[in-house]
Amino acid sequence: MGWTRKDLLTMRDLDASEIVLLVDTAASLQEIASREIKKVPALRGKTIVNLFYEPSTRTRTSFEIAGKWLSADVVNFSSGGSSTSKGERFIDTARNIAAMSPDVVVVRHSSAGAAELLARALPCSIVNAGDGGHEHPTQALLDLLTIREKKGHFDGLHVAIIGDIAHSRVARSNIHGMRKLGMTVTVAGPPTLIPPFVQELGAKVSYRLEEAIGDVDVIMMLRLQQERMTAGLIPSLREYARYWGLTLDKLARHARPDTLIMHPGPVNRGVELAPEVADGPYSVILDQVARGVAVRMGVLLLLAGRKGGDGA
Amino acid sequence: MGSPAPRYREKAQVLDETALDRALTRIAHEILERNGGAKDLAFVGLRTRGVSLAHRLAAKIAQIDGTTLPVGTLDITLYRDDLGMRGTPVIRGTDIPFSIKDKTVIVVDDVLFTGRTIRAALDAIIDLGRPTAIQLACLVDRGHRELPIRPDYVGKNLPTSRREIVAVRMREHDGEDRVVIEEPEET
């Protein structure tokens, strides 16, 4: 038992014990956030490069804070204002960055498989911070940590993931993780936004919000990813909000009173989530963000601290 | 996993239950004597058995002096100087629910050996605030220091060879109170 992987690319690769190790490590690191001096020397002398080809607020900031709290040197690269605008290829940029000997490269890219491509090409550890519609493992891990803190355990929990499943790497990573931990997952959304693969992953499918949110422990609302929608998959935002938006009224009539409301952010207020729900008592959206830093500290620590790693 | 871990067998018992208890009673008295009472003292135990020892010392001081001292738990994994050399770092968390500012912090560990754990603990504690002083209590001092660190309170000084292990067993974790020396089997 222990962490032996060079990279963290997908939830699909991990087994249940690795997921629990990551969540446990993150849980123990949370205490650092409440310290007066938020810095521990664990990754002193390590270099972490954030290589972000897509816009990001939460993920990039939280990787940066996580690295800095662990005393690593963190360098941020974003595609705007870099040689990418001069036409340099992704893999060439990555090789050039690798030539500067970073210990960990955190990558976000709009193409599925970008992180794996780097993991094969580069000797340093790679963390997938979102690759297209494929996976976003650290988001799933922080969701799992939030769920365990609020519910106390994973056993037998039922989670409804609602909305734009087709474009959601968050949904995919969460379904893999939750199924491995023995949780039940129901996905729900308009048929055009439910991809065929979800049943193969062991998730149940529903086409009615009211049905999907009844008797579940967690409701995870997804962002309607308008930037990834090329075809007319939904008739209009108004119609989507009416049928698939979570409101106080729908919650009161169909869901259990102790159901957690989660959202990976950024929230389209008034589309998938009514503002009163997003800011309501069972919303744990900001808890998710806070736990994001702990999860990313845990990931960086396990990757850089593994035996025979670059730190040896 | 590399070469198979050597098996160890018990070579000698160093402290039995009564002797362990007496050592802690003596240390508790020494702490009170050295600090002129229990005012502004706090215990920080190092995971895992240092925490149990710290709770027991606090209970002794409560008996002797009537003062209940705070006890915190410190995990020094993030402060080790050998990250990446020992396999997966296991973080079990630090829990010090009181301010150490202007307190005399007594660090409690089971076995004092190279001193590297204590070096890490000193850094970890100072990152949490500025104590008036830090003192060190250990149940066994087995020698072989690699750093200029010395304990203030010692249960037992025990000359050992580097290949031996000093195992502190405590009721809370191991079902018995005992300290033994173990040596590798293949001799």
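The values are calculated or read from the model by the stated rules, or taken from the named source; none is laboratory data. All values reported here derive from a predicted model rather than from experimental measurement. When we count neighbours, we look across all protein chains shown, and the Cβ atoms used for this are built from the backbone with ideal geometry, even at glycine. Keep in mind that these areas ignore ligands, DNA and RNA; they rest on the heavy atoms of the full protein, side chains included. Shrake-Rupley method; radii C 1.70, N 1.55, O 1.52, S 1.80 Å.
Can you list the helices (runs of 4 or more DSSP H) lying wholly within segment A:126-230 that have 3 or more residues being under 18 Å from A:GLY292 (Cβ atoms)?
Answer list for segment A:126-230: A:137-151, A:169-180.
Does any residue in segment B:89-109 that is under 17 Å from B:ARG119 (Cα atoms) come within less than 7 Å, Cβ to Cβ, of a residue that is outside any loop (DSSP other than H, G, I, E, B) and charged (D, E, K, R) six or more places away or on a different chain, and which pairs are these?
Listed pairs, sorted by first residue: B:THR94/A:GLU31.
Just to check your reading of the model, which residue among A:ARG223, A:ARG269 is modelled with pLDDT under 95, open to solvent by 30 Å² or more (accessible area, probe 1.4 Å) and either more than 30 Å from A:LEU8 (Cα to Cα) or in contact with a Phe, Trp or Tyr (Cβ under 6 Å, 6 or more places away or on another chain) (or both)?
Within the list A:ARG223, A:ARG269, the selection yields A:ARG269.
Which condition number does A:ARG44 fail, the rest of (1) without any contact (Cβ under 8 Å) to a residue 40 or more places away in the chain; (2) within 14 Å of chain B (Cβ to nearest Cβ); (3) touching a helix residue (DSSP H, G or I) at 6+ places or on another chain (Cβ under 9 Å) being met?
(3)
Among (1) modelled with pLDDT under 95; (2) open to solvent by 20 Å² or more (accessible area, probe 1.4 Å); (3) in contact with a strand residue (DSSP E or B) (Cβ under 7 Å, 6 or more places away or on another chain), which single condition is B:ASP82 missing?
(3)
List the strands (runs of 3 or more DSSP E) inside segment B:104-187, counting only whole elements, that have at least 1 residues being open to solvent by 30 Å² or more (accessible area, probe 1.4 Å) and closer than 25 Å to A:ILE37 by Cβ.
B:133-141
Please indicate, with yes or no, whether at least one residue in segment A:36-53 is touching a strand residue (DSSP E or B) at 6+ places or on another chain (Cβ under 6 Å), more than 24 Å from B:ASP82 (Cβ to Cβ) and either open to solvent by 40 Å² or more (accessible area, probe 1.4 Å) or part of a loop (DSSP other than H, G, I, E, B) (or both).
Yes - at least one qualifying residue is present in segment A:36-53.
For segment B:51-101, enumerate the residues that are within 10 Å of chain A (Cβ to nearest Cβ) and either in a helix (DSSP H, G or I) or touching a Cys at 6+ places or on another chain (Cβ under 9 Å) (or both).
B:THR77, B:LEU78, B:TYR79
Is it the case, given these coordinates, that B:GLY45 is open to solvent by less than 40 Å² (accessible area, probe 1.4 Å), more than 14 Å from every other protein chain (Cβ to nearest Cβ) and not basic (Lys, Arg)?
yes
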